[in-house]
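Worksheet for the structure shown next.
The values are calculated or read from the model by the stated rules, or taken from the named source; none is laboratory data. As the structure is a prediction and not an experimental result, all values here were calculated from the model. Cβ placement follows ideal geometry from the backbone for every residue including glycine, while neighbour counts extend to all protein chains displayed. Ligands, DNA and RNA are stripped out before the accessible areas are found, and what is left, the full protein with its side chains, is counted by its heavy atoms. Shrake-Rupley method; radii C 1.70, N 1.55, O 1.52, S 1.80 Å.
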Amino acid sequence: MGPDRAAIELIALEKRFGHIQVLRGIDLAVTAGEVVCLIGPSGSGKSTLLRCVNRLEEPTAGRILIDGEDIGGSECDLDRVRTRIGMVFQHFNLFPHLTVLENLTIAQCKVLKRSRVTAEEKARTVLTRVGLLEKIHDYPSRLSGGQQQRVAIARALAMDPEMMLFDEATSALDPELVGEVLGVMRALAEDGMTMMVVTHEMGFARRVADRVVFMDAGVIVEKGPPDQILGSPQQERTRRFLQRVTDR
Amino acid sequence: MPSSRQRARLVRFGVYAATLLGLGWLAIATDWARLQANFFDPGIFWDLFPEILTRAARNTLIFTAFGFTGGLAIGLALALMRLSPVAPYRWAAAAYIEVFRGLPALITIVLIGFVLPIALQVRVPGTYGPGSLALAIVTGAYLAETIRAGIEAVPKGQMEAARSLGMTHSQAMTSIIIPQAFRIILPPLTNELVLLLKDTSLLFVLGTTDQTIELAKFGRDAVAETFNGTPLVAVALVYLAITLPLTRAVAWLERRQKRATRDA
């Protein structure tokens, strides 16, 4: 991958659900190793945008380029592309009928065709990275929310993705558990992972993001370095949103 | 004027008294001697063993096993067709389900056992073949909706997580969705099993051989031979001996299910 080619490029992206236009033409490029935080009020389309990146939502117009490759068509091997993009969900979505180890190895074996031995080794490595190796044989129901989310992150990492998408990864967590997950995300960022993060955690955005993108009503209102967007926003809408968020 | 609580107590007392009186009347009015002679004759009762178990009950269970396995396969296929994006698959499955849920099981058994061989010149193979197939066809229609509901009850996020890991739709269905769906529908599935077991009593219309005779026919034949009702009581007891543990198992499964979802 060339140094000047974007890891993720969204061109004139539109998405409509029935009569509701959720995305009204989004242009955004994320370079390799960059951490981009998407902020905005609910209904702004930030989650929809994220989900378009790996085509969990199908855009109604526009193009999606992963490493310069257009992944929008039906000829594209979407399953293969998705192995390069890790995704972490708000509600973790761990497989409850499988142990932590099985959660981490099932896709490695079925999709990447790794041997069980290799997959298990990988699982142990990523679990250590998120600090949960001792839970390897537990079922998800025995873990706290924060632990489940860290396992979910490990599950995505086990596939050796080139980039990671986080869809409000901490929004469903009790406040005291948010920190442990943000810590893992920060470590990932510092290790150079390309990340697109939809979040309400402004502190995280300020400290970890390379760029912050503020969205409202389906458009990007403002984007730029965190100090600029969060500290001295240019647009009135951005200012109003930040005021509402911090006025608690 | 008595308070509402006092009234409630009076009503309860009244119900207890009426029940006791009713039972008392039954106990006195019943001709116990005749009842025992006609329905609880020990000689006839014990004569039925071991065949009531080694042949009749065994066959009932075999038909149930084959019918349920076949029904599961058919039901799963139908459920997947109902969920398919291809409209003709959905319609075909819906039609099948409507028809075989709308027909009495007895008619379906006659259709498979008699009409099919004459129409298509083909005989269903195996001693238990025709009966099992007919039961599977009926059970499949009922299970289809249960299985579909189970699949739809699995949270959408599961499929999303599986697909975002790069799994294909069928890999996700096989390893992630369907296993969870079955866990969810275990109680209604077991209910269906009990219903199927009882429906084996309809297989007599296909004609029975000594080999394939099931419990209900066995009982009715014995009643005709002995001019006594005891075989029916015996058969009833054997049915209950099989179905009661199953229904208890369902209740236990449902309790476990509730506990599992509560702790999650």
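Peptides B:233-239, A:153-159: what's the order by average Cβ count within 10 Å, highest mean first?
Put in order of decreasing packing, that is A:153-159, B:233-239.
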Q: Let me know the whole percent of all Cα-Cα pairs from region B:143-201 that are separated by more than 12 Å.
A: 67
Q) Just counting partner chain Cβ atoms within 10 Å, what average do the residues of peptide A:77-86 show around their Cβ? A) 3
Q) Over the Cα atoms of the protein assembly as shown, what is the Rg over Rh ratio if Rh follows Kirkwood? A) 1.14
Q: Kindly give the semi-axes, whole Å and largest first, of the ellipsoid equivalent to region B:179-264, taking each as the square root of 5 times a Cα gyration tensor eigenvalue.
A: 36, 15, 7
Q) Per residue, how many Å² of accessible area does chain A show with a 1.4 Å probe? A) 44
**Q.** Inter-chain Cβ neighbour average for residues B:177-185, partner chain, 10 Å
**A.** 1
Q | Residues of type lysines that A:Lys113 reaches as a straight line, Cα spacing below 27 Å, ignoring anything fewer than 8 places off in the same chain | A | A:Lys122, A:Lys135, B:Lys156
Q) How do B:159-165, B:198-204 rank on mean C-beta neighbours within 10 Å, highest first? A) B:159-165, B:198-204
Q) With charges set only on the Cβ (+1 for Lys and Arg, -1 for Asp and Glu), what does the dipole of region B:94-162 come to about its Cα centre, in debye to the nearest 20? A) 180
Q.
I need the Debye-formula profile for chain B: one equal scatterer per C-alpha, no solvent, reported as log10 I(q)/I(0) at q = 0.12, 0.15, 0.17 1/Å, two decimals.
A. -0.91, -1.11, -1.25
Q. Using the alpha-carbon atoms, what tilt in degrees (0 to 90, nearest 10) does helix B:87-102 show relative to the longest principal axis of chain B?
A. 10
Q. So what is log10(I(q)/I(0)) for region A:1-134 at q = 0.11 1/Å, when the Debye sum runs over its Cα atoms only?
A. -0.52
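Carbon-plus-sulfur fraction of the accessible area of region A:85-146, 1.4 Å probe, in percent?
Carbon and sulfur: 51 percent of the exposed surface of region A:85-146.
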Q) When you count, for each residue, the other Cβ atoms within 10 Å and take the mean per peptide, how do A:212-220, A:77-85 rank with the highest first? A) A:212-220, A:77-85
Q) What is the P(r) of chain A, as percent of Cα-Cα pairs per 10 Å bin from 0? A) 7, 31, 36, 21, 5, 0
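Projected area of region B:51-129, taken from the Cα convex hull and averaged over every viewing direction, in nm²?
Mean projected area for region B:51-129: 6.5 nm², to one decimal.
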Q) Over all pairs of distinct alpha carbons, what does the Kirkwood formula give as the hydrodynamic radius of region A:117-165, in Å? A) 11.0
Q: Pop out the ³J(HN,Hα) list for region B:20-37 in order, Karplus 6.51 cos²θ - 1.76 cosθ + 1.60 with θ = phi - 60°, rounded to Hz; leave Gly and Pro as x.
A: 4, 4, x, 5, x, 4, 4, 4, 7, 6, 6, 8, 4, 4, 5, 4, 5, 5
**Q.** region B:71-85 and region A:146-162: distance between their alpha carbon centers, rounded to Å
**A.** 33
Q. How are the C-alpha pair distances of region A:109-248 spread across 5 Å bins, as whole percents from the shortest bin up?
A. 2, 9, 17, 19, 17, 14, 9, 7, 4, 2, 0, 0
Q | Average other protein chain Cβ within 10 Å of Cβ, residues B:165-173 | A | 6
